[in-house]
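Asker: Pasting a structure below so you can have a look.
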Amino acid sequence: MEFLGYKREDGGVGTRNYVGILSTVICGNEVAEKIASQVEGATAFLHHQGCCQTPVDINRVNDVLIGLGKNPNLATVLLVSLGCESTNIHKVADAIGATGKRVETVVIQEEGGAAKSVAQGILLAQAMVTDASKQKRVPFPLSELVLGLKCGSSDTTSGLSSNPVVGILSDLIVAAGGTSIVGEVTEFIGAEHLLAKHAKDEETARKMLFLVERMENRAIQMGFDIRGGQPTGGNIKGGLSTIEEKSLGAIAKAGNAPFQAVYEYGVKPDVKGLVVMDSPGREPEILTGLAAAGANVIAFTTGRGAPQGFPFVPVIKLTGNEKTWKNLKDHMDFSVSSVMEGAETFTEAGERLLAELIDVASGKRTKAEISGYTSSMDIYMVGPVI
Amino acid sequence: MKQDAIMIKAQDNVATALRDLDAGQICRFVAGKKTFNVTIKEPIVYGHKFAVVEIPKGTDIIKYGEVMGRATAHIPQGAHAHVQNIESLRGRGDLGKKGA
């Protein structure tokens with residue numbers, strides 16, 4: 001089986017072909033957004049970080065921007081900087097450029113303000129779109145897919161239907177030689193002993209368990225019961241009673257393949273197969289983390305109906321909740337309520353989902369892309385704003 | 001057969017409603033090789049859980065064959081099993097405060 005993608009200079013394969021307008025700091029967002037809004041074929045990555053933070057977080061902002069810039073769904077990259085931020089814009093530009101990708105920079109304080117920066121950025125981005133649009137999709141094996149996994153606005157149907165179906169999908173991608181990334185470490189809490197059995201070896205299991213312990217301790221240190229935050233109020237309305245119940249359903253997304261390695265947030269895997277990445281479960285941070293890690297397509301399960309997409313990585317929404325499927329047609333791409341009723345097996349639904357994934361990877365637009373519901377983005381920070 | 005509820009593992013003590021269930025109705029479902037007939041005690045909304053057997057206070061709640069929490073009150077067979085009578089055992093920063 002093959003999909004149609006865009007070949008990149010560093011060997012990666014894009015499922016989309018955008019010019020990425022990346023803001024290097026919160027203070028560049030307005031300009032980046034205006035440039036992208038005026039250029040068809042460009043898309044902006046905006047966030048709230050990049051200044052007045054500890055070095056741990058500033059380094060992460062640098063690394064995540066580099067990862068996003070390297071993502072194969074971006075043909076070329078325009079960085080928008082204010083000029084006085086802590087983000088190391090030269091390091092970011094050089095690292096992205098090392099892939100052979102064209103990188104341009106607009107610095108607001110050097111251009112002479114927002115108006116001139118927007119004008120300069122639009123002209124640059126227009127030329128970059130012209131170049132990018134010459135590229136044609138060509139066939140690639142499924143081993144070039146880097147699948148990100150996510151569940152959001154979960155209810156009890158998530159663990160009973162959509163997450164196990166995505167687990168089958170993940171196994172199929174891994175069997176084809178591709179990569180699958182599972183994050184949402186908060187939603188390992190209470191199910192980590194089951195996930196640990198899927199580790200390649202004891203050392204890899206230990207690394208995963210460390211991430212879970214670190215995440216749980218962060219929550220405990222706040223001195224409250226995490227219920228209400230995890231599971232969320234919406235999860236509870238959907239019938240999920242505890243984080244353990246949510247987690248037991250959530251880890252089904254990882255399927256049955258052994259996980260090969262464990263990474264910090266936003267780090268690109270250097271192995272194929274199933275891998276674990278540190279990340280909280282909230283949409284902006286995990287979608288950004290997956291994109292920074294090189295995901296070129298994301299499968300996102302939902303129970304109650306999460307609409308979020310991402311600017312340049314297609315996010316396929318699937319649900320096992322037949323009410324959500326009927327009620328939120330403009331957000332849902334795929335229904336697996338058939339497996340809840342026993343009308344279709346998990347394997348059959350997983351194979352049907354793979355066909356949908358191949359279509360989307362080859363250019364079929366998701367509901368999130370069509371509706372423009374694609375601004376769930378931010379960088380996961382671990383320290384304070386100072 | 002269209003089931004009214006789903007129970008993942010035969011050792012589970014809660015099942016999940018696959019449609020809105022009314023008080024007094026007998027809910028029938030299969031788990032493993034065993035067929036269960038549970039009389040529903042109170043309305044159960046789609047996707048919510050009910051006790052398959054009587055669950056004494058302090059008992060582990062079992063779903064997917066795994067511990068997903070603990071009963072904070074006696075849960076009669078067929079009663080709604082949710083946040084009002086189930087507590088989490090994880091991420092409990094509040095317990096440290098009480099113990100201090």
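Asker: Output ³J(HN,Hα) for segment A:92-103: one whole-Hz value per residue in order, computed from phi by the Karplus curve 6.51 cos²θ - 1.76 cosθ + 1.60 with θ = phi - 60°, and x for Gly and Pro.
Answerer: 4, 5, 5, 5, 5, x, 4, 7, x, 7, 5, 10
Asker: Further, regarding this structure: Of A:Lys136/A:Lys317; A:Lys150/A:Lys200; A:Lys70/A:Lys367; A:Lys253/A:Lys317; A:Lys150/A:Lys367, which sit over 19 Å apart, Cα to Cα?
Answerer: Numbers: A:Lys136/A:Lys317 26 Å; A:Lys150/A:Lys200 22 Å; A:Lys70/A:Lys367 25 Å; A:Lys253/A:Lys317 13 Å; A:Lys150/A:Lys367 16 Å.
Among A:Lys136/A:Lys317; A:Lys150/A:Lys200; A:Lys70/A:Lys367; A:Lys253/A:Lys317; A:Lys150/A:Lys367, the Cα-Cα distance tops 19 Å for A:Lys136/A:Lys317; A:Lys150/A:Lys200; A:Lys70/A:Lys367.
Asker: Once you have a ≥ b ≥ c as the square roots of the Cα gyration tensor eigenvalues for segment A:40-126, tell me rounded if a/c is under 1.5, and otherwise prolate or oblate according to whether a/b is larger than b/c.
Answerer: Since a/c reaches 1.5 but b/c is at least a/b, the shape of segment A:40-126 is classed as oblate.
Asker: A further question follows. Could you derive backbone 3J(HN,Hα) for segment A:186-200 from the dihedral phi with the Karplus parameters 6.51, -1.76 and 1.60 (θ = phi - 60°), listing whole Hz in sequence and x where the residue is Gly or Pro?
Answerer: Listing the rounded values in order: 4, 8, 9, 4, x, 10, 5, 5, 6, 5, 4, 5, 9, 6, 4 Hz.
Asker: Next question. What does DSSP give for segment A:140-371 in terms of the percent of beta bridges that are antiparallel, rounded to the nearest 5?
Answerer: Antiparallel: roughly 0 percent of the beta bridges in segment A:140-371.
Asker: Pull out the extension gain between A:Arg206 and A:Thr130, defined as 0.36 nm times the separation in residues minus the alpha carbon to alpha carbon distance; nm, one decimal.
Answerer: 22.5 nm
Asker: Report, as a whole number in µm² per second, the diffusion coefficient that Stokes-Einstein gives for segment A:118-185 at 20 °C and 1.002 mPa s using the Kirkwood radius over alpha carbon pairs.
Answerer: Using the Kirkwood radius from Cα pairs, D works out to 139 µm²/s.
Asker: For chain B, what is the calculated [θ] at 222 nm in deg cm²/dmol (nearest 500), taking -39500 (n - 2.57) for each run of four or more DSSP H residues and dividing by its residue count?
Answerer: -1500 deg cm²/dmol
Asker: Taking springs between alpha-carbon atoms closer than 10 angstrom, which of A:Val64, A:Val129, A:Val77 fluctuates most in the Gaussian network model of chain A?
Answerer: Result for chain A, Cα springs under 10 Å: A:Val129 fluctuates most.
Asker: Any chance you could run the full-extension gain for A:Lys197 through A:Arg214? It's 0.36 nm times the residue separation minus the Cα-Cα distance, nm to one decimal.
Answerer: 4.2 nm
Asker: Rounded to the nearest 10 degrees, what's the angle between the helix A:283-292 long axis and the longest principal axis of chain A, both from Cα atoms, 0 to 90?
Answerer: The two axes meet at around 70 degrees.
Asker: Then there is this: Where in segment B:46-100 are there GluC sites (Glu not before Pro) that are in a DSSP coil and have at most 14 other Cβ atoms within 10 angstrom of their Cβ?
Answerer: Here the sparse-neighbourhood loop sites are B:Glu54.
Asker: Taking GluC sites (Glu not before Pro) that fall in a DSSP loop and have at most 12 other Cβ atoms within 10 Å as cut points, what is the longest piece of chain A between them?
Answerer: Answer from the scan: A:41-386.
Asker: Rounded, prolate or oblate for segment A:203-316? Axes are the square roots of the Cα gyration tensor eigenvalues, ordered a ≥ b ≥ c, and the cut-off for rounded is a/c under 1.5.
Answerer: Since a/c reaches 1.5 but b/c is at least a/b, the shape of segment A:203-316 is classed as oblate.
Asker: Going by amide H atoms built from the backbone, whose H comes under 5 Å of the H on A:Thr301, apart from near neighbours?
Answerer: Distant-sequence amide H within range of A:Thr301: A:Lys150, A:Cys151, A:Gly152, A:Leu318.
Asker: I'd like the antiparallel share, as a percent to the nearest 5, of DSSP beta bridges with both residues in segment A:2-141.
Answerer: On the way: 6 of 21 bridges.
DSSP beta bridges in segment A:2-141 are roughly 30 percent antiparallel.
Asker: Something else about it: When each pair of different Cα atoms in chain B is counted once in the 1/r mean, what is the Kirkwood radius in angstroms, to one decimal?
Answerer: Result for chain B, one decimal place: 13.9 Å.
Asker: Please give me the summed charge of the neighbours of A:Gly121: other residues whose Cβ is under 13 Å from its Cβ, Lys and Arg +1, Asp and Glu -1. Write out the running numbers ahead of the final one.
Answerer: Values: positive: A:Lys34, A:Lys116; negative: A:Glu30, A:Glu33, A:Glu104, A:Glu110, A:Glu111.
Neighbour charge sum, excluding A:Gly121 itself: -3.
Asker: Next question, about the same structure. Can you sort A:Asp94, A:Asp155 so the residue with the fewest Cβ neighbours within 10 Å comes first?
Answerer: Fewest to most other Cβ atoms nearby, the residues stand as A:Asp94, A:Asp155.
Asker: Right, something else. Residues with beta-carbon under 12 Å from that of B:Leu21, excluding B:Leu21: net charge, scoring Lys, Arg +1 and Asp, Glu -1?
Answerer: The answer is 0.
Asker: Which one of A:Gly177, A:Gly113, A:Gly309 has the biggest mean-square fluctuation once chain A is modelled by GNM with Cα springs under 10 Å?
Answerer: Answer for the Gaussian network model of chain A: A:Gly113.
Asker: Quick one: which residues, 5+ away or cross-chain, put their amide H under 5 Å from the amide H of A:Ser180? H built at 1.01 Å from N.
Answerer: Distant-sequence amide H within range of A:Ser180: A:Leu147, A:Gly273, A:Leu274, A:Val275.
Asker: Follow-up. Rounded, prolate or oblate: which fits segment A:234-386 when a ≥ b ≥ c are the square roots of the eigenvalues of the alpha-carbon gyration tensor, with rounded for a/c under 1.5 and prolate only if a/b beats b/c?
Answerer: rounded
Asker: Moving on to the next point. I'd like the trypsin sites (Lys or Arg not before Pro) in segment B:38-96 restricted to DSSP loop residues with at most 14 other Cβ atoms within 10 Å, sorted by number.
Answerer: B:Lys57
Asker: Can you give the helix-only mean residue ellipticity at 222 nm for chain A, where every DSSP H stretch with n ≥ 4 adds -39500 (n - 2.57) and the sum goes over all residues, rounded to the nearest 500 deg cm²/dmol?
Answerer: Counting only the DSSP helices, I get -11500 deg cm²/dmol.
Asker: Comparing A:Gln221, A:Gln126, A:Gln260, which has the greatest mean-square fluctuation in the GNM of chain A with Cα pairs linked when under 10 Å apart?
Answerer: A:Gln221
Asker: Would any residue of segment B:55-79 have its amide N under 18 Å from a label point 7 Å out along Cα→Cβ of B:Thr39? List them or say none.
Answerer: Within reach of a label on B:Thr39, which here means backbone N under 18 Å from a point 7 Å along Cα→Cβ, segment B:55-79 contributes B:55, B:75-79.
Asker: Also: Show me, for segment A:321-330, the HN-Hα J-couplings you get by feeding each phi into the Karplus relation (A = 6.51, B = -1.76, C = 1.60, θ = phi - 60°), rounded to Hz, glycine and proline as x.
Answerer: So the Karplus estimates, Gly and Pro as x, are 8, 5, 5, 5, 4, 6, 7, 10, 3, 7 Hz.
Asker: Another question about this same structure. If you build the Cα gyration tensor of chain A and take the root of 5 times each eigenvalue, what three semi-axes come out, in whole angstrom, biggest first?
Answerer: Value: 33, 24, 19 Å, ordered largest first.
Each reported figure results from applying straightforward, stated rules to the coordinates on display, with no laboratory input. These numbers were taken from a predicted model, which means no experiment stands behind them. Note that each Cβ is placed from the backbone with ideal geometry, even for glycine, and that neighbours are counted across all protein chains shown.
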